[in-house]
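Student: Pasting in a structure now, in structure tokens, and then I'll have a few things to ask.
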Amino acid sequence: MLGLEEQLAEINREYAVVMVGGKCCILKENCCSLTGKVSITLLTPNDFRHFFANKMVEIDTEKGKKEISVSKAWMESGNRRQYDGIIFDPAGKYLDSKKYNMFQGLPIKPIKGNCSLMLQHILNVICSGNEQHYKYLLCWFARCIQQPGGQRPGVAIVLRGGQGVGKGKAVNPFGELFGAHYLHITSGSQLTGRFNQHLASGILVFSDEGVWGGDKVAEGVLKGLITEGTLFVEPKGKDCYTVDNHVNLIIASNSKWVTPAGMGERRFFVLDVSDCHMQDKVYFKALTDELENGGQEAFMYHLLNEVDVDEVDLRSPPRTAGLFDQQLRTMRSIEKWWYQLLCDGGFPDVVIDEHDKLVVRPGTLGEWPSWYSTEDLHFAYREYARANHDRYADDRMAFTKELIKLCPGLASFRKTSGSNRQSGLSIPVLGECRTAFENLVKSPIEWPSLDILPDQRPRDYGLSVYDRTPSDMGARSPKSFSLGEMSTH
């Protein structure tokens, strides 16, 4: 049987006292026998005492020998491990701190060698042969290795592609370079759920089919995980604490809508993965053989020593067609409706119920209007929203404000029709409207071609739209027409 000092030393290797959220806890280090990864568990002092209640030791007292619990002896020992709190510090900024650092180092030693198949896989499959995308992605990878505790760019990598195309064949070998600080998760709750202690010591997190762009509840948590400097950690049944956030996120999915990408989105670098080697067993076997025969160490060496992360601005990833597709799927109904009009190059017919009689307001498909009735415009939008099951379509006033945000060149303009003055919007030429939309999404768009392109020249009436009259606009003024009719460029 081990003596008192030996038993205390054995406990001390696995346990420590730590302050968490103003409470005294027992920290237990757990080492996985299969992977060697170390994780931590927080116990209450009472749980700790119960666990060791059957282990007693003899100690000398003034009254002679006495049996006490080994847990009590360790808790009262001056040599027990003790920390003021928990931190995650891969950069070693707090070496003199009296807090427990969850960082365990990177397990793979960099060795110069051959990793050409892996680099070709990233270029030709993950980046579909696009050199600019490849350069950005490799620099993103390299920064994680070179500066694991440095300033993150606030950008997550999103890989869209079918099963068997090779997404995991690139991400998992890269993730293994981080050892215990790599998390491969397959559930959305593991990424954005309430109990998130497993994320506290993560440097690379791979969410494999665990994210859906339409999850509004998880959207804020996901975006905060990508950009926020600190992580609020909530262990199950224990007090919460805060650590520096060093999570670098890669999301992979074969779903069409993966991420909640806003109009000016900059948090996601979306790549549509090529299927050129889908289910290609010979190809993937060669890639695996390379990794198992020094390729992983060579990949580590390449990222650490042969990639200059300053060659690209990691905070500004290339704008991809995949990102715009995510933006389009995330847009509100008014944004999707306006984009549809810009693609069509004109407005559809509008059917209005006037005094129990259906009246058709003729549209302008193929011809872009210079003025449109606000009433008819709002009605057309509401019909689109209803058809797309949007129960929260904007009212007329909010609709007009939102539309002007989408195209700042739009302006209120009341025109005369007979004895009536009708409320409407003066509309810039199609090219100007499309450019405004591209500026909003911060990405060029490949617009559908039209048989007859409208005049792309910008108009300048020289007056505020609120001061214009038809005579001010001269030959370019809208013709007089009844409600719903439109002049075109």
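Student: Across the Cα atoms of the range 167-211, what radius of gyration and what greatest pairwise Cα-Cα distance (Dmax) are found, in Å?
Tutor: Rg and Dmax of the range 167-211, Cα atoms, are 10.4, 30 Å.
Student: Going 7 Å from the Cα of D239 in the Cα-to-Cβ direction, what parts of the range 8-28 have a backbone nitrogen less than 17 Å from that spot?
Tutor: 16-28
Student: Sketch the reach of a paramagnetic label on L304 as a point 7 Å from Cα along Cα-to-Cβ, and name the residues of the range 128-154 whose backbone nitrogen lies under 14 Å away.
Tutor: 142-148
Student: Over 19 Å between Cα atoms: which of K23/K236; K37/K223; K169/K281; K23/K238 fall into that group?
Tutor: K37/K223
Student: Looking at the square roots a ≥ b ≥ c of the eigenvalues of the Cα gyration tensor of the range 50-98, which shape do they give, rounded for a/c under 1.5, prolate if a/b is larger than b/c, or oblate?
Tutor: On the way: a/c = 5.62, a/b = 2.66, b/c = 2.11.
Since a/c reaches 1.5 and a/b is larger than b/c, the shape of the range 50-98 is classed as prolate.
Student: Right, here's the next one. What number, in nm² with one decimal, is the all-direction average of the projected area of the convex hull of the alpha-carbon atoms of the range 1-156? Write out the running numbers ahead of the final one.
Tutor: Details: hull surface 58.5 nm².
Mean projected area for the range 1-156: 14.6 nm², to one decimal.
Student: Once you list every other residue whose beta carbon is under 13 Å from the beta carbon of I226, what net charge do they have if Lys and Arg are +1 and Asp and Glu are -1?
Tutor: Around I226, the surrounding residues sum to +2.
Student: Can you say what percent of the DSSP beta bridges in the chain, counting only those with both residues inside, are antiparallel? Round to 5.
Tutor: Around 60 percent of the beta bridges assigned by DSSP in the chain are antiparallel ones.
Student: Note down the nm distance, to one decimal, between modelled labels 7 Å out along Cα→Cβ at R386 and at R49.
Tutor: Calculated label separation equals 7.0 nm.
Student: Moving on to the next point. Please list 394-403, 195-204, 29-38 highest first by mean number of surrounding beta-carbon atoms within 10 Å per residue.
Tutor: 195-204, 394-403, 29-38
Student: Further question: Where does the Debye-calculated log10 I(q)/I(0) of the range 1-93 sit at q = 0.11, 0.15, 0.20 Å⁻¹, using only Cα point scatterers of equal weight, no solvent?
Tutor: -0.38, -0.67, -1.06
Student: Considering only the other residues whose Cβ falls under 10 Å of the Cβ of S69, what net charge follows from Lys and Arg at +1 and Asp and Glu at -1?
Tutor: With Lys, Arg at +1 and Asp, Glu at -1, the net is +2.
Student: What's the angle, to the nearest 10 degrees (0 to 90), between helix 131-146's Cα axis and the longest principal axis of the chain?
Tutor: 30 degrees
Student: Note down the nm distance, to one decimal, between modelled labels 7 Å out along Cα→Cβ at S33 and at Q146.
Tutor: 4.2 nm
Student: Roll a 1.4 angstrom probe over the protein heavy atoms and tell me the percent of accessible area of the range 221-369 that is carbon or sulfur. Intermediate results must be reported in sequence, preceding the final value.
Tutor: Details: 3330 of 6820 Å².
After summing per-atom areas, the C and S share lands at 49 percent.
Student: Same structure again: Of the DSSP beta bridges with both residues in the range 52-148, give the percent that are antiparallel, rounding to the nearest 5.
Tutor: 75 percent
Student: Over all alpha-carbon pairs in the range 303-356, figure out the percentage whose distance exceeds 14 Å.
Tutor: 74 percent
Student: Sorted from largest to smallest, which semi-axis lengths in Å does the alpha carbon gyration tensor of the range 260-313 give for its equivalent ellipsoid, taking the root of 5 times each eigenvalue?
Tutor: Gyration-tensor ellipsoid for the range 260-313: 29, 22, 8 Å.
Student: What's the FRET efficiency of D280 with N420 using the Cβ-Cβ distance as r and R₀ = 60 Å, to the nearest 0.05?
Tutor: 0.30
Student: Turning to a different aspect of this structure: Could you check how much of the accessible area of the range 56-125 is carbon and sulfur, as a whole percent, using a 1.4 Å probe? Walk me through the intermediate numbers first.
Tutor: Working: 2150 of 4450 Å².
Within the range 56-125, the accessible surface is 48 percent carbon and sulfur.
Student: Could you state the orientation-averaged shadow area of the convex hull built on the Cα atoms of the range 22-64, in nm² to one decimal?
Tutor: 5.4 nm²
Student: Turning to a different aspect of this structure: When 1/r is averaged over all different Cα pairs and the result inverted, which Kirkwood radius in Å belongs to the range 179-250?
Tutor: For the range 179-250, the Kirkwood estimate is 12.3 Å.
Student: Something else about it: Determine, at each q value in 0.08, 0.13 (inverse angstroms), the log₁₀ of I(q)/I(0) that the Debye formula gives when each Cα of the chain is one equal point scatterer.
Tutor: These q points yield log10 I(q)/I(0) values of -0.68, -1.16.
Student: Here is a follow-up. For the range 275-333, what is the accessible area per residue in Å² when the probe is 1.4 Å?
Tutor: 53 Å²
Student: Another question about this same structure. Find the accessible area per residue for the range 50-154; the probe is 1.4 Å, ligands and nucleic acids are left out, and the unit is Å².
Tutor: Using a 1.4 Å probe on heavy atoms only, each residue of the range 50-154 averages 57 Å².
Student: Now, a different point. By how many degrees, 0 to 90 and rounded to 10, does the Cα axis of helix 281-290 deviate from the longest principal axis of the chain?
Tutor: For helix 281-290, the angle is close to 50 degrees.
Student: Grab the DSSP H runs of the chain that are 4 residues or longer, score each as -39,500 (n - 2.57), total them, divide by all residues and round the 222 nm result to the nearest 500 deg cm²/dmol.
Tutor: About -9000 deg cm²/dmol.
Student: Where does the charge balance sit around R434 when Lys and Arg score +1, Asp and Glu -1, over other residues with C-beta under 13 Å from its C-beta?
Tutor: Numbers: positive: none; negative: D344, E432, E438, E446.
Net charge in that neighbourhood comes out at -4.
Student: Which distance in nm do the two modelled labels at L95 and V359 give, with both placed 7 Å along the Cα-to-Cβ direction?
Tutor: 8.1 nm
Student: Right, here's the next one. To the nearest µm²/s, what D does Stokes-Einstein give for the range 145-221 at 10 °C and 1.306 mPa s, using the Kirkwood radius over alpha carbon pairs as Rh?
Tutor: The diffusion coefficient I find is 115 µm²/s.
Student: Using only the alpha carbons, work out the radius of gyration and Dmax of the range 374-415 in angstrom.
Tutor: 10.9, 33
The values are calculated or read from the model by the stated rules, or taken from the named source; none is laboratory data. None of these values were measured; they are calculated from a predicted model. Note: ideal-geometry Cβ built from the backbone for every residue, glycine included; neighbour counts use all protein chains shown. What goes into the accessible areas is simple: the full protein's heavy atoms, side chains included, and nothing from ligands, DNA or RNA. Shrake-Rupley method; radii C 1.70, N 1.55, O 1.52, S 1.80 Å.
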